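What follows is a single structure, written as structure tokens, with notes after it.
The values are calculated or read from the model by the stated rules, or taken from the named source; none is laboratory data. Model, not experiment: these values are computed from the prediction. Using ideal geometry, Cβ is built from the backbone for each residue, glycine included, and neighbour counts are taken over all protein chains shown. Remember, those area values only see protein heavy atoms, side chains included, never the ligands or the DNA or RNA. Shrake-Rupley method; radii C 1.70, N 1.55, O 1.52, S 1.80 Å.
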Amino acid sequence: MENCEKEYYGLKDTEIYFDYRTDSLYAWYHPRNIKPTDKDKQKEINIFPKILFLNCKLPAISTCQLRNAVFHNNVVFNDCEGAIQFIFYNCTFKQGVDFLHSDFGNIAFNYCSILQRTVVNDMKMNSMSFLNCTFSTDAKLVKSPYHYGFEKENQTYQYLFRFAQADKMINSISFSYCKLLPTEVKPIIFFYGGKYDVINFKEIDFSNSIIHFADCSIKESFTVEKCKFEWPIGVYRFNFPQNNTSFNWQQLDSVGLGLYRDYARPPTTYKSDTLFSDVYLFNELNSSYRKFFSMYRTQGYMASANACYKQMKDMETGRYHYLYGQHPSIDKWFNWRFNQFLKYFSEYGTNPVQSLVISMWVILAFAGIYFFFYSDWDGINRPFLIKQHRKIMEYFRSEQNLEDFYTKNYIEDFKEFEDYKKEMQKSKLELPFFIVLLGKPLYLLSIIRHKIFSFIYRRTEILQGRWADLKPMRKVVVGVTVSFSLIIYLIYLGVVRAINSITLSINAFSTLGFGAIPVKGVSRYITIIEGFLGWFLLSIFSVSLISQMLQS
């Protein structure tokens, strides 16, 4: 091939064998899983003609490598067989490679560069693998002796890989640590028809390319690991194993699944308006989502299942919106709006924590309303504040100190405690000793609170007389201190009112029912509205929580 000066180099009806004595350069024991060195680059051979292998037999019992070859034109294997283990190492295919109607064992590409496209049609093969390879394509036509109808010049997309299978089967296809070079066109990796046992993608950035599965199925294992996508994966009538698929939905969460008809146009996704008006497309995409959702639930991957389910429900919500727009009715309106509400409140029942957080905000919102209405629980209203203000004015006009004002409010209590103490003293001879002994701690516990507060007021007294009799400098000190104390007292009243408002809101929201409602007027009707809203929201929260617990 290297010495051929013609446009084509072809082998037809030929058996190609491997002889260890003369062909050791291409033996299996040469390193193939390490990156090529500069010496490998220096050993490259250039092959310029188009290559065609037609009805040839490759080595059937030998493992061999083709190393350091640069094919400047297309390479085609047609109606060939054999190749129990055929490895391409550090090879470059500048116009792609085609595998047509052949029966191979194992084909591996290690550290190769494939430009333009790879076509695989009606192959029977044990495995085809690509390890640490580089792929690229452009808008030009592939210089190939075979054309399949999809070759178009200067279009916005080109096929990078095109697997088209009918009755024959490829057992395993693997892409690992490969790189897709950025180009001006969208590269397409297309699997059409066929049955595969295993398909693996590992650590590949598909950001600028499209993967499309159509009318094909995987029987044993499907793995997509640490890959990146910026275009939805095409899943038209695509089947994969429910119990042996490893495909974290996080890789797809930003793009989802899609249906492709024309790669020059955006795909049909769960957000597309065309999806909602076409029942066939809607059912097809919905079926694909349900396959993924069922697979995740079967394997217990609840994070992926929930993320997939949310996109599926978004698609359903869009469908309800479209149906309502076509033929408005109350039922359709409620279906549409209720789905929207479920997404906001609990992400369609997949996030009970979000519903709990929203419920807390609802409770705080109603508590903010109750804060400005009177409640029997704290008794803070305008008459209460006027009463407290009069006490302050009386304190500054009179010569009474803070302790006097405090004891005046509890005269009846002090009198009752003293009467209780005297009664115990008179009854010492009439009662058993332990009964009298029991009364002393009861008296002390009753009086100790008042003693403590009396001590605090006595020690914090700053006025010591009437305001009018104070010296100017003393007035400044007392005024500042009293103002600061009043601010603290108002903050205290605000905290008490806030706590009572939140407690009332929690009571109304959860409908626990602590007896009579401690508010009157408009606020009483607001509590009834909150009670109904709380019953509704907590029901959804409970269902979401139980659903997630049972699934886990």
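Summary of computed values
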read-out: Residue match in region 301-316 (condition: outside any helix (DSSP H, G or I) and either surrounded by 13 or more Cβ atoms within 10 Å (Cβ to Cβ) or among the charged types (D, E, K, R) (or both)); value: yes
read-out: Residue tally, condition in a loop (DSSP other than H, G, I, E, B) and either open to solvent by 80 Å² or more (accessible area, probe 1.4 Å) or modelled with pLDDT under 75 (or both), over region 432-442; value: 0
read-out: Residue match in region 495-510 (condition: of a type in the set (K, R) and either open to solvent by 70 Å² or more (accessible area, probe 1.4 Å) or out of contact with any Phe, Trp or Tyr (no Cβ under 7 Å at 6 or more places or on another chain) (or both)); value: no
read-out: Residue that is least open to solvent (accessible area, probe 1.4 Å), among those in region 241-258 that are of a type in the set (S, T, N, Q) and outside any loop (DSSP other than H, G, I, E, B); value: T245
read-out: Pair list, Cβ under 6 Å, 6 or more apart: region 110-137 residue in contact (Cβ under 8 Å) with a residue 60 or more places away in the chain, other residue open to solvent by less than 10 Å² (accessible area, probe 1.4 Å) and among the hydroxyl-bearing types (S, T, Y); value: N110/Y89
read-out: Selection status of D79, in contact with a Leu (Cβ under 7 Å, 6 or more places away or on another chain) and without any contact (Cβ under 8 Å) to a residue 60 or more places away in the chain; value: yes
read-out: Within region 286-300, tally of residues that are without any contact (Cβ under 8 Å) to a residue 40 or more places away in the chain and either among the polar types (S, T, N, Q) or crowded, with 17+ Cβ neighbours inside 10 Å (or both); value: 4
read-out: Residues that are basic (K, R) and assigned to a helix (DSSP H, G or I), drawn from region 443-486; value: R449, K451, R458, R459, R474, K475
read-out: Pairs with Cβ under 8 Å, 6+ apart, first in region 531-548 and on the phi < 0 side of the Ramachandran plot, second open to solvent by 50 Å² or more (accessible area, probe 1.4 Å) and assigned to a helix (DSSP H, G or I); value: F541/L356
read-out: Pair list, Cβ under 7 Å, 6 or more apart: region 403-417 residue under 15 Å from I452 (Cα atoms), other residue open to solvent by 60 Å² or more (accessible area, probe 1.4 Å) and of a type in the set (A, V, I, L, M, F, W, C); value: Y406/F453
read-out: Residues within region 58-72 that are part of a loop (DSSP other than H, G, I, E, B), open to solvent by less than 30 Å² (accessible area, probe 1.4 Å) and under 23 Å from L115 (Cβ atoms), tallied; value: 1
read-out: All positions within region 116-155 that are of a type in the set (V, I, T) and closer than 23 Å to L54 by Cα; value: T118, V119, V120, V142
read-out: Within region 104-136, tally of residues that are open to solvent by 10 Å² or more (accessible area, probe 1.4 Å), part of a loop (DSSP other than H, G, I, E, B) and within 26 Å of K35 (Cβ to Cβ); value: 3
read-out: Residue in region 360-381 that is out of contact with any helix residue (DSSP H, G or I) (no Cβ under 9 Å at 6 or more places or on another chain), under 29 Å from L486 (Cβ atoms) and not small (G, A, S) present; value: yes
read-out: Within region 356-407, considering residues that are part of a helix (DSSP H, G or I) and among the acidic types (D, E), the one surrounded by the fewest Cβ atoms within 10 Å (Cβ to Cβ); value: E394
read-out: Hey, K332 under 19 Å from S547 (Cα atoms) and surrounded by 13 or more Cβ atoms within 10 Å (Cβ to Cβ) or not; value: no
read-out: Looking only at region 75-103, and only at residues there that are assigned to a loop (DSSP other than H, G, I, E, B) and touching a Phe, Trp or Tyr at 6+ places or on another chain (Cβ under 8 Å), the one that is modelled with the lowest pLDDT; value: A83
read-out: Criterion (of a type in the set (A, V, I, L, M, F, W, C), in contact with a helix residue (DSSP H, G or I) (Cβ under 7 Å, 6 or more places away or on another chain) and more than 15 Å from W377 (Cβ to Cβ)) met by exactly one of L504, L470; value: L470
read-out: Region 163-183, residues that are open to solvent by 30 Å² or more (accessible area, probe 1.4 Å) and closer than 18 Å to I114 by Cβ; value: Y177, K179, L181, P182, T183
read-out: Those residues of region 169-178 which are within 20 Å of N208 (Cα to Cα) and either hydroxyl-bearing (S, T, Y) or at pLDDT below 95 (or both), in sequence order; value: S174, S176, Y177
read-out: All strands (runs of 3 or more DSSP E) inside region 1-57 with 1 or more residues being open to solvent by 100 Å² or more (accessible area, probe 1.4 Å) and either over 30 Å from Y146 (Cβ atoms) or touching a residue at least 60 places away in the same chain (Cβ under 8 Å) (or both); value: 8-12
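Listed here are the residues, each with its yes/no results for (1) over 27 Å from I506 (Cα atoms); (2) at pLDDT 80 or above; (3) small (G, A, S).
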residue	(1), (2), (3)
Q340	no, yes, no
W361	no, yes, no
I380	no, yes, no
K391	yes, yes, no
S398	yes, yes, yes
N409	yes, no, no
E418	yes, no, no
